[in-house]
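Since the structure comes first, as structure tokens, the remarks are kept for the end.
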């Protein structure tokens, strides 16, 4: 998979093993969570590289 690939909320949920509503809650309430952006009125996407960086950051802080 390419790191600059754009992914939808279902794909983010699958990567994080979370629900779609959980992803939206994190996006609204956690300042360190990757911010989505609108491609159109009905299409919201995240950058895969930012989601992966978020996971790496969480893993690093969990190991401390």
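The values are calculated or read from the model by the stated rules, or taken from the named source; none is laboratory data. Given the structure is predicted, the values throughout are model-derived calculations rather than measurements. So basically every Cβ, Gly included, is an ideal-geometry build from the backbone, and we count neighbours across all protein chains shown.
Numbers below:
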{"item": "Output for segment 6-17, where each listed residue is touching a helix residue (DSSP H, G or I) at 6+ places or on another chain (Cβ under 9 Å) and part of a helix (DSSP H, G or I)", "result": "9, 10, 11, 12, 13, 15, 16"}
{"item": "Residue in segment 46-54 that is assigned to a loop (DSSP other than H, G, I, E, B) and out of contact with any helix residue (DSSP H, G or I) (no Cβ under 9 Å at 6 or more places or on another chain) present", "result": "no"}
{"item": "Near pairs, Cβ below 7 angstrom, 6+ apart or cross-chain, from segment 43-59 (under 15 Å from residue 17 (Cα atoms)) to any residue that is part of a helix (DSSP H, G or I) and at pLDDT 95 or above", "result": "51/12; 51/15"}
{"item": "Matching residues in segment 18-39 - criterion: being assigned to a loop (DSSP other than H, G, I, E, B) and either modelled with pLDDT under 95 or within 15 Å of residue 53 (Cα to Cα) (or both)", "result": "30, 31, 32, 33, 34, 35, 36"}
